[in-house]
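Here is the structure we will look at, set down as structure tokens.
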Amino acid sequence: MSIGSELTAARERADMSIEQLSAATRIRTGLLVAMEADDFSRCGGNFYARGHIRSIARVVKADPAPLLAAFDAEHAVEEEKARREERAAVKGPTLHPARPRWALVVGAILVSLMGWGMVRLFTLPSDIEANASKTTTTAATVTTPTPKPTPTVRPTRTPSKKPPVLKTELTLTAKGDGTYLTVRDKKGKRLFQGHLSPGIAQSVTTTGDIRITVGIPANLIVTLNGKRLDTKLYRFTAHPNGTLTKYPSN
């Protein structure tokens, strides 16, 4: 389980909502939802993120040590990856191809042409010898037509029909004061994350299931495969068959 999932599970075990946890820790609801979605970039740095984790663990009566250890290990890997990318981005010396020396090439061609002209001048036979040696021989040419090959008829292959791919068409529209939102595909790839303002809609179409984490379910309108659905779940999964289920399932 990720750090955000651990925080969500601890809050649910304490039977507390996002609003109640925000009032107890004095941490904004939007920031709490982002942390439960494993987005710690809005904390203002790793120092403040650790402080928020300690505050949440104290309120929900959870041990902060494993959470802090997992946070340090994950972000140490991210920092090392960033340093490697910065070193790889440094450009090496640029090599320019050598340009040909056109003056030398043209001079060599002219010298060759002059030499060939001199050879032809001294080796050309006289007009009398040339006229005497000319003979014209005409030979009849018989052309035998080549039989055309018989075309081979190949049987036509009927392409096999592939099973239809089930797609999930999801539209999330914010109302009221809006809500923070995280959308992932069936492999866990993040498709959208951020605050959805009132009246703004976010549409996602993909194959397979779609996982959604929402900060305030009451401020969200869910339309799945063209059908509007009501839900009060903070974490749920949208399926291609048009149904919603709680995520993670118990």
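The values are calculated or read from the model by the stated rules, or taken from the named source; none is laboratory data. Predicted model, so just to flag it, every value in this text is computed and none were measured. Glycine gets a Cβ as well: all are built from the backbone with ideal geometry, and neighbour counts include every protein chain shown. The accessibility values were calculated without ligands, DNA or RNA, using every heavy atom of the protein model including side chains. Shrake-Rupley method; radii C 1.70, N 1.55, O 1.52, S 1.80 Å.
Annotations
- At R0 = 41 Å, FRET efficiency that the Cβ-Cβ distance of T207 and R26 yields, to 0.05: 0.45
- Summarising the amide proton neighbourhood of G208: residues at separation of 5 or more, or on other chains, whose placed amide H is nearer than 5 Å comprise T168.
- Solvent-accessible surface (1.4 angstrom probe) belonging to T173, in square angstrom, nearest 10: 30 Å²
- Over region 198-250, equivalent-ellipsoid semi-axes from the Cα gyration tensor in Å: 16, 15, 10
- Considered as an equivalent ellipsoid built on the Cα gyration tensor, region 163-240 has semi-axes of 21, 13, 10 Å, the largest given first.
- Solvent-accessible area per residue in region 1-44 equals 47 Å², computed with a 1.4 angstrom probe and all protein chains kept.
- Positive minus negative residues near R184 (Lys, Arg vs Asp, Glu; Cβ under 14 Å): +1
- Solvent-accessible heavy-atom area per residue, rounded to whole Å², over region 177-250 at 1.4 Å: 54 Å²
- Other-chain or far-sequence residues with amide H under 5 Å of Y180's (modelled H): L196, G215, I216
- Distance between modelled label sites at L233 and T171, nm, 7 Å Cα→Cβ extension: 2.2 nm
- Local electrostatic count, G208, Cβ distance below 14 Å [Lys/Arg +1, Asp/Glu -1]: +3
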